[in-house]
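Since the structure comes first, as C-alpha coordinates, the remarks are kept for the end.
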Amino acid sequence: MIGDMTLAEDENEDSSAPDTASIESLFILLMSWLYQQRNFTPEMLTAEEVQRFINAHTEYLNKAVETALVEVPLDEISVQRLKESNYVFSGIKTFHELNEAFPSLLDSEGNLIPFNQFLNSVQTINKSYNGQYLKVEYEFAKSSAYMAARWKEFEKDGEDYYLQYRTAGDARVRRTHQKLHGITLPITSKFWDKYFPPNGWNCRCTVVQVRKDKYPLSDETQAMNLGSQATAGKHQEMFMYNPGKKMTTFPAYNAYTISRCKECPYSGGSIKLAKVPDNELCQACKVVREMKKDNNKSEIQESIQTIISQLENGYPKGESLIIGQLSGDIKEFVRKKGIELISDDIYISDKQIRHALRPVKQKAGKAVTAEQLAAFPALMEDCEVYWDETAGNIQFITRQDGKVQKFVVSLNYITKILGEKKMVNAFITAGTLEERNLGMRNLVKIK
(Lines give C-alpha, C1' and ligand atoms only; values in the text may rest on other atoms or scores of the structure.)
Protein backbone atom coordinates (compact mmCIF):
# COMPACT_ATOMS: atom_id res chain seq x y z
CA MET A 1 0.00 0.00 0.00
CA ILE A 2 1.31 3.40 -0.95
CA GLY A 3 0.23 5.89 1.64
CA ASP A 4 -0.78 5.81 5.26
CA MET A 5 -4.46 4.97 5.71
CA THR A 6 -4.49 4.60 9.45
CA LEU A 7 -7.89 3.80 10.91
CA ALA A 8 -6.93 5.07 14.34
CA GLU A 9 -6.99 8.73 13.32
CA ASP A 10 -8.18 11.26 15.89
CA GLU A 11 -11.45 11.69 14.07
CA ASN A 12 -12.23 8.05 13.38
CA GLU A 13 -15.77 6.99 14.21
CA ASP A 14 -18.02 4.04 13.38
CA SER A 15 -18.07 3.74 9.61
CA SER A 16 -21.33 3.97 7.70
CA ALA A 17 -19.73 2.09 4.79
CA PRO A 18 -21.69 -0.90 3.42
CA ASP A 19 -20.40 -4.40 4.04
CA THR A 20 -17.39 -5.23 1.86
CA ALA A 21 -18.05 -8.98 1.67
CA SER A 22 -19.07 -8.90 -2.00
CA ILE A 23 -15.84 -7.13 -3.01
CA GLU A 24 -13.76 -9.55 -0.93
CA SER A 25 -15.51 -12.47 -2.66
CA LEU A 26 -14.80 -11.02 -6.08
CA PHE A 27 -11.14 -10.70 -5.09
CA ILE A 28 -11.06 -14.51 -4.70
CA LEU A 29 -12.30 -14.85 -8.29
CA LEU A 30 -9.71 -12.30 -9.37
CA MET A 31 -7.01 -14.37 -7.72
CA SER A 32 -8.30 -17.47 -9.51
CA TRP A 33 -7.71 -15.63 -12.77
CA LEU A 34 -4.28 -14.40 -11.64
CA TYR A 35 -3.24 -17.94 -10.71
CA GLN A 36 -3.58 -18.93 -14.37
CA GLN A 37 -1.25 -16.14 -15.56
CA ARG A 38 2.48 -16.55 -15.96
CA ASN A 39 3.21 -12.85 -15.95
CA PHE A 40 1.41 -9.67 -15.06
CA THR A 41 1.58 -6.37 -16.96
CA PRO A 42 -0.49 -3.17 -16.79
CA GLU A 43 -2.09 -4.05 -20.13
CA MET A 44 -3.73 -7.07 -18.47
CA LEU A 45 -6.04 -4.67 -16.62
CA THR A 46 -8.25 -4.86 -19.71
CA ALA A 47 -9.02 -8.55 -19.08
CA GLU A 48 -12.68 -9.29 -18.50
CA GLU A 49 -12.06 -10.76 -15.05
CA VAL A 50 -10.10 -7.70 -13.96
CA GLN A 51 -12.69 -5.34 -15.39
CA ARG A 52 -15.42 -7.13 -13.44
CA PHE A 53 -13.54 -6.46 -10.22
CA ILE A 54 -12.75 -2.80 -11.09
CA ASN A 55 -16.39 -2.13 -11.98
CA ALA A 56 -17.66 -3.70 -8.75
CA HIS A 57 -15.16 -1.68 -6.71
CA THR A 58 -16.25 1.47 -8.58
CA GLU A 59 -19.91 0.77 -7.89
CA TYR A 60 -19.14 0.40 -4.19
CA LEU A 61 -17.58 3.89 -4.15
CA ASN A 62 -20.38 5.26 -6.34
CA LYS A 63 -22.80 4.36 -3.54
CA ALA A 64 -20.84 6.75 -1.34
CA VAL A 65 -21.35 9.54 -3.87
CA GLU A 66 -25.06 8.81 -4.19
CA THR A 67 -25.48 8.72 -0.40
CA ALA A 68 -23.73 12.07 0.02
CA LEU A 69 -25.80 13.76 -2.67
CA VAL A 70 -29.13 12.83 -1.11
CA GLU A 71 -28.54 15.71 1.29
CA VAL A 72 -26.98 18.15 -1.18
CA PRO A 73 -28.07 17.57 -4.81
CA LEU A 74 -25.61 17.99 -7.66
CA ASP A 75 -26.12 18.23 -11.42
CA GLU A 76 -25.74 15.05 -13.48
CA ILE A 77 -22.62 16.22 -15.30
CA SER A 78 -20.76 16.79 -12.04
CA VAL A 79 -21.97 13.45 -10.66
CA GLN A 80 -20.63 11.80 -13.81
CA ARG A 81 -17.21 13.33 -13.19
CA LEU A 82 -17.16 12.20 -9.55
CA LYS A 83 -17.96 8.65 -10.58
CA GLU A 84 -15.30 8.74 -13.29
CA SER A 85 -12.84 9.62 -10.53
CA ASN A 86 -13.99 6.54 -8.63
CA TYR A 87 -13.32 4.38 -11.69
CA VAL A 88 -9.77 5.66 -12.19
CA PHE A 89 -9.05 5.28 -8.47
CA SER A 90 -10.45 1.72 -8.47
CA GLY A 91 -8.43 0.78 -11.54
CA ILE A 92 -5.12 1.99 -10.10
CA LYS A 93 -5.88 0.34 -6.77
CA THR A 94 -6.66 -2.97 -8.52
CA PHE A 95 -3.33 -2.73 -10.31
CA HIS A 96 -1.57 -2.46 -6.95
CA GLU A 97 -3.47 -5.44 -5.54
CA LEU A 98 -2.56 -7.63 -8.52
CA ASN A 99 1.03 -6.43 -8.53
CA GLU A 100 1.36 -7.19 -4.84
CA ALA A 101 -0.27 -10.61 -5.12
CA PHE A 102 1.57 -11.86 -8.21
CA PRO A 103 4.92 -12.69 -6.50
CA SER A 104 3.06 -15.00 -4.09
CA LEU A 105 2.42 -17.42 -6.97
CA LEU A 106 5.94 -18.84 -6.71
CA ASP A 107 7.92 -20.40 -3.92
CA SER A 108 11.52 -19.50 -3.05
CA GLU A 109 12.77 -21.76 -5.83
CA GLY A 110 10.55 -20.20 -8.48
CA ASN A 111 7.98 -23.02 -8.62
CA LEU A 112 4.23 -22.48 -8.78
CA ILE A 113 2.69 -23.15 -5.37
CA PRO A 114 -0.65 -24.98 -4.91
CA PHE A 115 -3.72 -22.77 -5.43
CA ASN A 116 -5.02 -23.10 -1.85
CA GLN A 117 -1.63 -22.07 -0.52
CA PHE A 118 -1.56 -19.09 -2.86
CA LEU A 119 -5.09 -18.09 -1.88
CA ASN A 120 -4.17 -18.27 1.79
CA SER A 121 -1.08 -16.10 1.25
CA VAL A 122 -3.06 -13.27 -0.39
CA GLN A 123 -5.79 -13.07 2.25
CA THR A 124 -3.87 -10.33 4.04
CA ILE A 125 -4.02 -8.24 0.84
CA ASN A 126 -7.74 -8.88 0.55
CA LYS A 127 -8.56 -8.00 4.16
CA SER A 128 -6.45 -4.84 4.02
CA TYR A 129 -7.33 -3.46 0.57
CA ASN A 130 -10.93 -4.64 0.24
CA GLY A 131 -11.96 -4.57 3.87
CA GLN A 132 -10.15 -2.07 6.06
CA TYR A 133 -8.95 0.38 3.39
CA LEU A 134 -12.11 0.25 1.28
CA LYS A 135 -14.31 1.33 4.18
CA VAL A 136 -12.07 4.34 4.80
CA GLU A 137 -12.09 5.14 1.08
CA TYR A 138 -15.89 4.92 1.04
CA GLU A 139 -16.10 7.54 3.78
CA PHE A 140 -13.60 9.73 1.95
CA ALA A 141 -15.52 9.47 -1.33
CA LYS A 142 -18.73 10.35 0.50
CA SER A 143 -17.14 13.35 2.19
CA SER A 144 -15.50 14.53 -1.05
CA ALA A 145 -18.77 14.29 -2.97
CA TYR A 146 -20.65 16.13 -0.24
CA MET A 147 -18.10 18.95 -0.09
CA ALA A 148 -17.94 19.14 -3.89
CA ALA A 149 -21.69 19.72 -3.92
CA ARG A 150 -21.38 22.33 -1.16
CA TRP A 151 -18.72 24.16 -3.18
CA LYS A 152 -21.01 24.25 -6.23
CA GLU A 153 -23.69 25.84 -4.05
CA PHE A 154 -21.21 28.40 -2.71
CA GLU A 155 -20.22 29.34 -6.27
CA LYS A 156 -23.83 30.26 -7.08
CA ASP A 157 -23.73 33.01 -4.44
CA GLY A 158 -20.33 34.24 -5.57
CA GLU A 159 -18.78 36.73 -3.18
CA ASP A 160 -22.01 37.55 -1.33
CA TYR A 161 -20.74 35.62 1.70
CA TYR A 162 -17.47 34.68 3.36
CA LEU A 163 -16.62 31.00 3.80
CA GLN A 164 -15.71 29.73 7.26
CA TYR A 165 -13.83 26.53 8.14
CA ARG A 166 -15.39 24.48 10.95
CA THR A 167 -14.45 21.23 12.68
CA ALA A 168 -16.81 18.73 14.31
CA GLY A 169 -15.95 20.41 17.61
CA ASP A 170 -15.42 17.31 19.74
CA ALA A 171 -12.51 15.52 21.38
CA ARG A 172 -11.77 13.39 18.31
CA VAL A 173 -10.78 16.36 16.13
CA ARG A 174 -7.11 16.39 15.16
CA ARG A 175 -5.08 19.11 16.88
CA THR A 176 -3.89 20.44 13.52
CA HIS A 177 -7.48 20.67 12.29
CA GLN A 178 -8.57 22.44 15.48
CA LYS A 179 -6.26 25.29 14.50
CA LEU A 180 -8.22 25.71 11.24
CA HIS A 181 -11.55 26.11 13.03
CA GLY A 182 -13.02 29.54 12.45
CA ILE A 183 -10.79 30.59 9.54
CA THR A 184 -12.92 33.00 7.54
CA LEU A 185 -11.98 34.01 4.00
CA PRO A 186 -13.69 35.00 0.73
CA ILE A 187 -14.49 32.28 -1.79
CA THR A 188 -11.74 33.68 -4.03
CA SER A 189 -8.99 33.00 -1.46
CA LYS A 190 -6.28 30.57 -2.56
CA PHE A 191 -6.67 28.92 0.87
CA TRP A 192 -9.76 27.08 -0.41
CA ASP A 193 -7.80 25.68 -3.37
CA LYS A 194 -5.67 23.57 -1.03
CA TYR A 195 -7.41 23.24 2.32
CA PHE A 196 -11.09 22.76 1.51
CA PRO A 197 -12.23 19.61 3.37
CA PRO A 198 -11.81 16.70 3.59
CA ASN A 199 -8.23 17.23 4.78
CA GLY A 200 -7.41 13.64 5.69
CA TRP A 201 -8.81 10.14 6.09
CA ASN A 202 -11.90 10.25 8.31
CA CYS A 203 -11.84 14.05 8.34
CA ARG A 204 -15.22 15.42 9.47
CA CYS A 205 -14.49 19.12 8.90
CA THR A 206 -16.79 21.28 6.83
CA VAL A 207 -17.13 24.81 5.45
CA VAL A 208 -20.14 27.10 5.81
CA GLN A 209 -21.21 30.45 4.42
CA VAL A 210 -21.26 33.34 6.91
CA ARG A 211 -22.42 36.95 6.66
CA LYS A 212 -19.70 39.46 5.92
CA ASP A 213 -20.93 41.85 8.60
CA LYS A 214 -20.83 39.19 11.31
CA TYR A 215 -17.31 37.74 11.02
CA PRO A 216 -13.96 39.47 10.44
CA LEU A 217 -11.63 38.19 7.76
CA SER A 218 -8.75 35.95 8.82
CA ASP A 219 -5.17 36.63 7.81
CA GLU A 220 -4.73 34.62 4.59
CA THR A 221 -0.98 34.08 5.02
CA GLN A 222 -1.45 32.75 8.55
CA ALA A 223 -4.34 30.57 7.35
CA MET A 224 -2.16 29.08 4.62
CA ASN A 225 0.53 28.26 7.18
CA LEU A 226 -2.00 26.52 9.42
CA GLY A 227 -3.35 24.62 6.43
CA SER A 228 0.17 23.49 5.58
CA GLN A 229 0.61 22.20 9.13
CA ALA A 230 -2.69 20.32 8.93
CA THR A 231 -1.53 18.47 5.83
CA ALA A 232 2.11 18.03 6.86
CA GLY A 233 3.68 14.61 7.17
CA LYS A 234 4.18 11.56 5.02
CA HIS A 235 1.57 11.30 2.25
CA GLN A 236 -0.61 14.00 3.83
CA GLU A 237 -0.07 16.48 1.00
CA MET A 238 -2.31 14.29 -1.14
CA PHE A 239 -5.26 16.00 0.56
CA MET A 240 -4.27 19.47 -0.68
CA TYR A 241 -7.03 19.92 -3.24
CA ASN A 242 -10.59 21.19 -3.56
CA PRO A 243 -13.01 18.41 -4.64
CA GLY A 244 -15.53 21.00 -5.82
CA LYS A 245 -13.09 22.80 -8.10
CA LYS A 246 -11.57 19.58 -9.40
CA MET A 247 -14.94 17.77 -9.28
CA THR A 248 -13.22 14.57 -8.23
CA THR A 249 -13.63 12.25 -5.27
CA PHE A 250 -9.95 11.30 -5.11
CA PRO A 251 -7.10 13.64 -6.10
CA ALA A 252 -4.55 12.63 -8.75
CA TYR A 253 -2.03 12.06 -5.97
CA ASN A 254 -3.60 9.59 -3.57
CA ALA A 255 -2.85 6.45 -1.60
CA TYR A 256 -2.05 4.45 -4.75
CA THR A 257 -0.16 6.99 -6.85
CA ILE A 258 2.93 9.15 -6.44
CA SER A 259 3.38 12.87 -5.80
CA ARG A 260 4.37 13.47 -9.44
CA CYS A 261 0.86 12.44 -10.47
CA LYS A 262 -0.61 15.74 -9.26
CA GLU A 263 1.48 17.53 -11.90
CA CYS A 264 0.89 14.99 -14.67
CA PRO A 265 0.11 16.77 -17.95
CA TYR A 266 -2.40 14.04 -18.90
CA SER A 267 -5.45 15.69 -20.44
CA GLY A 268 -8.33 14.77 -22.67
CA GLY A 269 -7.36 12.71 -25.68
CA SER A 270 -3.62 13.28 -25.30
CA ILE A 271 -1.83 10.97 -22.89
CA LYS A 272 1.56 12.13 -21.67
CA LEU A 273 3.00 10.10 -18.85
CA ALA A 274 4.21 11.64 -15.61
CA LYS A 275 7.93 12.16 -16.33
CA VAL A 276 8.58 8.44 -15.82
CA PRO A 277 7.18 6.67 -18.94
CA ASP A 278 8.94 3.41 -18.03
CA ASN A 279 7.16 3.34 -14.67
CA GLU A 280 4.51 0.60 -14.50
CA LEU A 281 2.25 2.90 -12.48
CA CYS A 282 2.15 5.35 -15.38
CA GLN A 283 1.48 2.54 -17.81
CA ALA A 284 -1.36 1.26 -15.61
CA CYS A 285 -2.81 4.78 -15.37
CA LYS A 286 -2.76 5.06 -19.15
CA VAL A 287 -4.61 1.73 -19.53
CA VAL A 288 -7.23 2.64 -16.90
CA ARG A 289 -7.88 6.09 -18.36
CA GLU A 290 -8.20 4.64 -21.86
CA MET A 291 -10.76 2.13 -20.56
CA LYS A 292 -12.65 4.95 -18.87
CA LYS A 293 -12.68 6.92 -22.11
CA ASP A 294 -13.92 3.93 -24.08
CA ASN A 295 -16.72 3.40 -21.55
CA ASN A 296 -17.59 7.09 -21.71
CA LYS A 297 -17.75 7.09 -25.50
CA SER A 298 -20.24 4.28 -25.48
CA GLU A 299 -22.35 5.94 -22.78
CA ILE A 300 -22.19 9.35 -24.50
CA GLN A 301 -23.24 7.85 -27.82
CA GLU A 302 -26.19 6.17 -26.15
CA SER A 303 -27.12 9.44 -24.41
CA ILE A 304 -27.08 11.42 -27.67
CA GLN A 305 -29.14 8.75 -29.40
CA THR A 306 -31.63 8.86 -26.52
CA ILE A 307 -31.95 12.65 -26.81
CA ILE A 308 -32.41 12.40 -30.58
CA SER A 309 -35.09 9.74 -30.24
CA GLN A 310 -36.99 11.86 -27.71
CA LEU A 311 -36.81 15.20 -29.51
CA GLU A 312 -40.16 14.67 -31.21
CA ASN A 313 -41.74 14.02 -27.82
CA GLY A 314 -40.72 17.38 -26.34
CA TYR A 315 -37.38 16.55 -24.74
CA PRO A 316 -36.95 18.87 -21.73
CA LYS A 317 -35.02 22.04 -22.52
CA GLY A 318 -31.74 22.78 -20.85
CA GLU A 319 -30.41 19.21 -20.90
CA SER A 320 -26.65 19.05 -21.49
CA LEU A 321 -23.94 16.46 -21.28
CA ILE A 322 -20.19 16.31 -21.64
CA ILE A 323 -19.26 14.63 -24.93
CA GLY A 324 -15.49 14.75 -24.58
CA GLN A 325 -12.48 16.84 -23.71
CA LEU A 326 -10.10 19.04 -25.67
CA SER A 327 -6.92 17.15 -26.49
CA GLY A 328 -3.48 18.33 -25.46
CA ASP A 329 -2.71 19.38 -29.06
CA ILE A 330 -5.74 21.67 -29.16
CA LYS A 331 -5.04 23.15 -25.75
CA GLU A 332 -1.44 23.87 -26.65
CA PHE A 333 -2.53 25.52 -29.92
CA VAL A 334 -5.10 27.84 -28.33
CA ARG A 335 -2.70 28.65 -25.50
CA LYS A 336 -0.30 30.01 -28.09
CA LYS A 337 -3.21 32.00 -29.48
CA GLY A 338 -3.48 33.68 -26.07
CA ILE A 339 -6.78 31.99 -25.18
CA GLU A 340 -7.21 30.94 -21.54
CA LEU A 341 -9.61 28.02 -21.34
CA ILE A 342 -12.20 27.82 -18.59
CA SER A 343 -12.15 24.00 -18.70
CA ASP A 344 -11.22 21.04 -20.92
CA ASP A 345 -14.75 19.65 -21.20
CA ILE A 346 -16.89 19.94 -24.33
CA TYR A 347 -20.65 20.19 -23.77
CA ILE A 348 -23.60 19.57 -26.04
CA SER A 349 -27.21 20.57 -25.34
CA ASP A 350 -30.54 19.43 -26.72
CA LYS A 351 -30.84 22.82 -28.45
CA GLN A 352 -27.54 22.29 -30.24
CA ILE A 353 -28.59 18.78 -31.25
CA ARG A 354 -31.80 20.18 -32.72
CA HIS A 355 -29.81 22.78 -34.62
CA ALA A 356 -27.39 20.20 -36.04
CA LEU A 357 -30.26 17.96 -37.22
CA ARG A 358 -32.66 20.67 -38.42
CA PRO A 359 -35.15 19.22 -40.98
CA VAL A 360 -34.66 21.93 -43.62
CA LYS A 361 -30.93 21.19 -43.80
CA GLN A 362 -31.64 17.44 -43.74
CA LYS A 363 -33.84 17.72 -46.84
CA ALA A 364 -31.15 19.73 -48.62
CA GLY A 365 -28.50 17.16 -47.67
CA LYS A 366 -26.53 19.78 -45.72
CA ALA A 367 -27.00 18.39 -42.21
CA VAL A 368 -25.22 15.46 -40.58
CA THR A 369 -27.32 12.40 -39.88
CA ALA A 370 -28.37 11.39 -36.39
CA GLU A 371 -25.96 8.45 -36.61
CA GLN A 372 -23.05 10.72 -37.59
CA LEU A 373 -23.79 13.11 -34.73
CA ALA A 374 -24.02 10.29 -32.19
CA ALA A 375 -20.68 8.91 -33.44
CA PHE A 376 -18.89 12.27 -33.24
CA PRO A 377 -17.55 11.88 -29.64
CA ALA A 378 -15.77 8.67 -30.66
CA LEU A 379 -14.29 10.34 -33.77
CA MET A 380 -12.89 13.48 -32.12
CA GLU A 381 -9.47 12.04 -31.40
CA ASP A 382 -8.91 10.51 -34.84
CA CYS A 383 -10.30 13.12 -37.23
CA GLU A 384 -8.66 16.23 -38.68
CA VAL A 385 -8.85 19.28 -36.41
CA TYR A 386 -8.63 22.88 -37.61
CA TRP A 387 -8.71 26.38 -36.17
CA ASP A 388 -11.04 28.75 -38.02
CA GLU A 389 -9.18 32.07 -38.15
CA THR A 390 -12.33 33.96 -39.14
CA ALA A 391 -14.85 32.54 -36.66
CA GLY A 392 -12.34 31.76 -33.91
CA ASN A 393 -13.59 28.23 -33.24
CA ILE A 394 -12.44 24.62 -33.55
CA GLN A 395 -13.60 22.50 -36.50
CA PHE A 396 -13.47 18.71 -36.48
CA ILE A 397 -13.52 17.32 -40.02
CA THR A 398 -14.45 13.79 -41.12
CA ARG A 399 -15.18 12.38 -44.56
CA GLN A 400 -17.83 9.87 -45.53
CA ASP A 401 -19.47 8.87 -48.82
CA GLY A 402 -17.53 11.52 -50.73
CA LYS A 403 -18.80 14.32 -48.49
CA VAL A 404 -17.21 16.32 -45.67
CA GLN A 405 -18.81 16.39 -42.23
CA LYS A 406 -17.90 19.44 -40.16
CA PHE A 407 -18.47 19.59 -36.40
CA VAL A 408 -17.91 22.99 -34.80
CA VAL A 409 -16.91 23.63 -31.17
CA SER A 410 -16.76 27.14 -29.75
CA LEU A 411 -14.34 27.83 -26.90
CA ASN A 412 -15.42 29.73 -23.76
CA TYR A 413 -18.96 29.91 -25.10
CA ILE A 414 -21.72 31.30 -22.86
CA THR A 415 -24.66 28.93 -22.77
CA LYS A 416 -27.24 27.57 -20.35
CA ILE A 417 -26.33 24.40 -18.46
CA LEU A 418 -29.27 23.09 -16.42
CA GLY A 419 -30.89 26.52 -16.52
CA GLU A 420 -27.77 28.36 -15.37
CA LYS A 421 -25.63 30.51 -17.65
CA LYS A 422 -22.06 29.23 -17.83
CA MET A 423 -18.98 29.71 -19.96
CA VAL A 424 -18.00 26.36 -21.47
CA ASN A 425 -16.51 24.77 -24.57
CA ALA A 426 -19.68 24.06 -26.51
CA PHE A 427 -20.57 22.02 -29.57
CA ILE A 428 -22.54 24.59 -31.56
CA THR A 429 -23.36 23.05 -34.94
CA ALA A 430 -22.54 20.46 -37.59
CA GLY A 431 -23.07 20.15 -41.31
CA THR A 432 -22.35 18.20 -44.48
CA LEU A 433 -20.77 19.94 -47.47
CA GLU A 434 -18.69 19.44 -50.58
CA GLU A 435 -14.91 19.55 -50.21
CA ARG A 436 -14.70 22.64 -52.42
CA ASN A 437 -17.01 24.54 -50.08
CA LEU A 438 -14.98 23.84 -46.94
CA GLY A 439 -13.18 27.19 -47.08
CA MET A 440 -9.69 25.93 -46.31
CA ARG A 441 -8.15 29.39 -46.67
CA ASN A 442 -9.56 30.35 -43.29
CA LEU A 443 -8.48 27.13 -41.58
CA VAL A 444 -5.21 26.37 -39.80
CA LYS A 445 -4.58 22.67 -39.20
CA ILE A 446 -4.04 21.70 -35.55
CA LYS A 447 -3.71 17.97 -36.13
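Between Ser108 and Trp33, the simple label model (points 7 Å from Cα in the Cβ direction) yields a spacing of 3.3 nm.
So if R0 is 22 Å, what FRET efficiency would Met423 and Leu379 give, r being the distance between their Cβ atoms, rounded to the nearest 0.05?
My answer for the efficiency is 0.30.
Computed over the chain, the percent of Cα pairs more than 43 Å apart is 22. Can you tell me the orientation of helix 280-310 relative to the chain, as the angle in degrees between its alpha-carbon axis and the longest Cα principal axis, to the nearest 10? Result, in degrees: 50.
Placing a label point 7 Å from the Cα of Arg211 along the Cα-to-Cβ direction, the residues of segment 139-159 whose backbone N falls under 20 Å of that point are 154, 157-159.
The distance between label points at Glu71 and Arg354 comes to 3.9 nm (points 7 Å beyond Cα on the Cα→Cβ vector).
For the chain, modelled as a GNM whose springs connect Cα atoms under 10 angstrom apart, the maximal fluctuation among Asn202, Asn225, Asn254 occurs at Asn225. Cross-link partners for Lys286 among the lysines, with Cα-Cα distance under 16 Å and sequence neighbours closer than 8 places in the same chain left out: Lys93, Lys262, Lys272, Lys275.
So, for segment 391-447, what is the accessible surface per residue at a probe of 1.4 Å, expressed in square angstrom? Provide the component values of the computation, followed by the final result.
Numbers: 2950 Å² over 57 residues.
With all protein chains present, segment 391-447 gives 52 Å² per residue.
Among Pro216, Pro251, Pro42, the largest mean-square fluctuation in a Gaussian network model of the chain, built with springs joining Cα atoms closer than 10 Å, belongs to Pro216.
Summary of the geometry: segment 148-172 and segment 355-383, compared by the centres of their Cα atoms, lie 43 Å apart.
Keeping all protein chains in place, calculate the accessible area per residue for segment 95-247 (probe 1.4 angstrom), answer in Å². Walk me through the numbers before you get to the answer.
Numbers: 7070 Å² over 153 residues.
Accessible area per residue, segment 95-247: 46 Å².
Compute the Cα gyration tensor for segment 325-428, then decide on rounded, prolate or oblate, letting a ≥ b ≥ c be the square roots of its eigenvalues: rounded whenever a/c is under 1.5, prolate when a/b is larger than b/c in the other cases, and oblate in all that remain. Oblate is the answer for segment 325-428, as a/c is 1.5 or above yet b/c matches or exceeds a/b. Spin-label pair Ser259-Asp388: with each label point 7 Å from Cα along the Cα-Cβ axis, the two points sit 4.7 nm from one another.
Subtracting the Cα-Cα distance of Lys127 and Asp170 from 0.36 nm times their residue separation leaves 12.4 nm of extension gain.
Taking the centroid of alpha carbons for each part, segment 221-251 and segment 44-110 are 23 Å apart.
Here the chain exposes an accessible surface that is 47 percent carbon and sulfur, computed with a 1.4 Å probe and the other protein chains kept in place.
Using the beta-carbon distance between Lys156 and Lys234 and R0 = 45 Å, what value does 1/(1 + (r/R0)^6) give for FRET efficiency, to the nearest 0.05? Write down the numbers at each step before the final one.
On the way: r = 38 Å, r/R0 = 0.83.
According to the calculation, E is roughly 0.75.
Who wins for biggest fluctuation among Asp329, Asp157, Asp350 in a Gaussian network model of the chain, springs between alpha carbons below 10 Å? Checking each option, the largest mean-square fluctuation is seen for Asp157. Beyond 30 Å between alpha-carbons counts as too far, so tell me which of Lys194/Lys214; Lys179/Lys421; Lys142/Lys292; Lys179/Lys422; Lys152/Lys179 fall in that bin. Result: Lys179/Lys421; Lys179/Lys422 exceed 30 Å.
What residues of segment 16-30 lie in the reach of a label at Glu59, counting those whose backbone N is under 17 Å from a point 7 Å from the Cα along Cα→Cβ? Only 18-30 fall inside the zone, counting backbone N under 17 Å. Here the sum of -39500 (n - 2.57) over DSSP H runs of 4 or more residues, divided by the residues of the chain, equals -13000 deg cm²/dmol at 222 nm, to the nearest 500. Cross-link partners of Lys351 among aspartates and glutamates, defined as those whose alpha carbon lies under 16 angstrom from its own and excluding same-chain residues fewer than eight positions apart: Glu312, Glu319, Glu420.
The values are calculated or read from the model by the stated rules, or taken from the named source; none is laboratory data. Everything numeric in this text was worked out from a predicted model, so none of it was measured. Counting neighbours? That spans all protein chains shown, and the Cβs are built from the backbone with ideal geometry, glycine included. What goes into the accessible areas is simple: the full protein's heavy atoms, side chains included, and nothing from ligands, DNA or RNA. Shrake-Rupley method; radii C 1.70, N 1.55, O 1.52, S 1.80 Å.
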